[in-house]
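Peer 1: Have a look at the structure that comes next, please.
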Amino acid sequence: MNSLRLRAAGKINLFLEILGVRPDGYHDLYMVLQSIDLADFVTLKPANSLSIHCTHPLVPNDSRNLAWKAAELIQKVYGITQGIEIWIDKHIPVASGLAGGSADAAAVLVGLNQLWDLGLTQIQLQELAGQLGSDIPFCVVGGTALGLGRGDELTALALPKPLHLVVAKPKEVQVSTAWAYGTYREKYLPHRLADRANAKEMLAALSAGDVHRIAAALHNDLEAPILPAHPEVAALRERFMDNGAIGAMMSGSGSAVFGLALNRFEAENLFERMQGDGQIEIHLCHTVLGGVTLEDLAS
Ligand code: C5P
């Protein structure tokens, strides 16, 4: 049987507002999610048992990995006894708020649907994805989307032209997403003022494809707990602005920060100017339309 190689796009959050606490302990969100070309490559090879192999030393190769959980969930729900070898060629920085683990899991769901001929619709894949994590349904479909509820109630948005950006992550800073939400809930949510973040303006800016307006409307509530706790992240955001980004924001719960540029040429200049700090890893990026895409079939 053939192997499958899939491209699994990372994401940034152009907007993330925490509206309140849900009965299930999660938070109700108002998010704008956007796929970027920074992607992992996931190869699935038919095998007798389940195994995972990753090029990155910090990525677990067992049931702690969301990609493993995705394969197990499909095996369980559809009574599959075959195994699978999952090979992850990691490019999305780990623990960065760029949904690397979620993208890999999404690729496993999409790939196994094809490899095991399950005939699942996109809606069914997204329903399975939602059982594994809040960002995974978005990673299946990708593009630009509004995410409500836990972040998994998605509505596709149109972005008239691609955005060009630079993504950077302080190498040593790892943030726990649960800690970020928990701290926001304790310290900031009780004092939250309604409507201080302008979601309507972000949606209007996106549909107009106006980069300056998008940059001005960037918002992430999780910066409130993270920036004081991790000065490296705050400094990186400052550096983006000092080096000519038209807007800069932490993605998700961090620790990656992105800087928006007016166009491809300006993004290249920004990328050059952000070089020279050995403490950060840095990527020149643009937005993309898809989440998981099939790269090729290999026998
Ligand atoms: O769903 P996922 O496993 O990606 O979420 C990681 C953690 O982020 C959760 O355990 C929870 O603490 C927090 N979270 C939340 N509300 C959301 C999404 C995530 O509190 N809507």
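The values are calculated or read from the model by the stated rules, or taken from the named source; none is laboratory data. None of the values given here were measured: they were computed from a predicted structure. So basically every Cβ, Gly included, is an ideal-geometry build from the backbone, and we count neighbours across all protein chains shown.
Peer 1: Using beta carbons and a limit of 9 Å, which pairs, at least six apart or on different chains, have the first residue in the range 136-153 and free of Cβ contacts under 8 Å to residues at least 40 places away in the same chain and the second one among the charged types (D, E, K, R) and surrounded by fewer than 19 Cβ atoms within 10 Å (Cβ to Cβ)?
Peer 2: Cβ pairs passing all conditions: 137/127; 137/153.
Peer 1: Among the residues that make up the range 201-221, is at least one of them farther than 21 Å from residue 277 by Cβ, more than 14 Å from the ligand (Cβ to nearest atom), in a loop (DSSP other than H, G, I, E, B) and among the polar types (S, T, N, Q)? Spell out how you get there, then give the answer.
Peer 2: Our first condition is that a residue be farther than 21 Å from residue 277 by Cβ; within the range 201-221, this holds for 201-221.
Filter once more, keeping what is more than 14 Å from the ligand (Cβ to nearest atom): 201-219.
Okay, now just the ones that are also in a loop (DSSP other than H, G, I, E, B), so 209-210, 218.
Retained after the next criterion (residues that are among the polar types (S, T, N, Q)): none.
Within the range 201-221 (the criterion being farther than 21 Å from residue 277 by Cβ, more than 14 Å from the ligand (Cβ to nearest atom), in a loop (DSSP other than H, G, I, E, B) and among the polar types (S, T, N, Q)), the answer is no, since none of the residues qualifies.
Quick grid of which residues meet (1) away from the ligand (no atom under 16 Å from the Cβ); (2) crowded, with 22+ Cβ neighbours inside 10 Å; (3) not assigned by TED's automatic domain parsing to the domain that holds residue 220:
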| residue | (1), (2), (3) |
| --- | --- |
| 121 | yes, no, yes |
| 132 | no, no, yes |
| 137 | no, yes, yes |
| 140 | no, yes, yes |
| 147 | no, yes, yes |
| 150 | no, no, yes |
| 168 | yes, yes, no |
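Peer 1: If you don't mind, there's one more thing I want to ask. Out of curiosity, is residue 155 over 26 Å from residue 296 (Cβ atoms), more than 11 Å from the ligand (Cβ to nearest atom) and under 19 Å from the mean Cα position of the chain (by Cα)?
Peer 2: Details: over 26 Å from residue 296 (Cβ atoms): yes; more than 11 Å from the ligand (Cβ to nearest atom): yes; under 19 Å from the mean Cα position of the chain (by Cα): yes.
Considered against the rule, which asks whether it is over 26 Å from residue 296 (Cβ atoms), more than 11 Å from the ligand (Cβ to nearest atom) and under 19 Å from the mean Cα position of the chain (by Cα), residue 155 comes out as yes.
Peer 1: Now for a different question. Residues 80, 86: which one is among the β-branched types (Val, Ile, Thr), at pLDDT 95 or above, surrounded by 21 or more Cβ atoms within 10 Å (Cβ to Cβ) and assigned by TED's automatic domain parsing to the domain that holds residue 7? First the steps, then the outcome.
Peer 2: Details: 80 fails: surrounded by 21 or more Cβ atoms within 10 Å (Cβ to Cβ).
Going through 80, 86 in turn, just one is among the β-branched types (Val, Ile, Thr), at pLDDT 95 or above, surrounded by 21 or more Cβ atoms within 10 Å (Cβ to Cβ) and assigned by TED's automatic domain parsing to the domain that holds residue 7: 86.
Peer 1: Still on this model: What tally of residues in the range 20-68 results from selecting those that are surrounded by 15 or more Cβ atoms within 10 Å (Cβ to Cβ), within 10 Å of the ligand (Cβ to nearest atom) and farther than 30 Å from residue 82 by Cα?
Peer 2: Adding up the residues that qualify gives 4.
Peer 1: Do you know which residues across the range 246-287 are in a loop (DSSP other than H, G, I, E, B) and either within 16 Å of the ligand (Cβ to nearest atom) or assigned by TED's automatic domain parsing to the domain that holds residue 101 (or both)? Reasoning before the result, please.
Peer 2: First, pick out the residues of the range 246-287 that are in a loop (DSSP other than H, G, I, E, B): 246, 251-256, 262-263, 274-279.
251, 252, 253, 254, 255, 256, listed by residue number.
Peer 1: List every residue pair whose Cβ atoms sit under 6 Å apart, with the two residues 6 or more apart in sequence or on different chains, where the first one lies in the range 176-191 and is touching a residue at least 60 places away in the same chain (Cβ under 8 Å) and the second, anywhere, is within 11 Å of the ligand (Cβ to nearest atom).
Peer 2: 177/253; 180/222; 180/253; 181/27; 184/18
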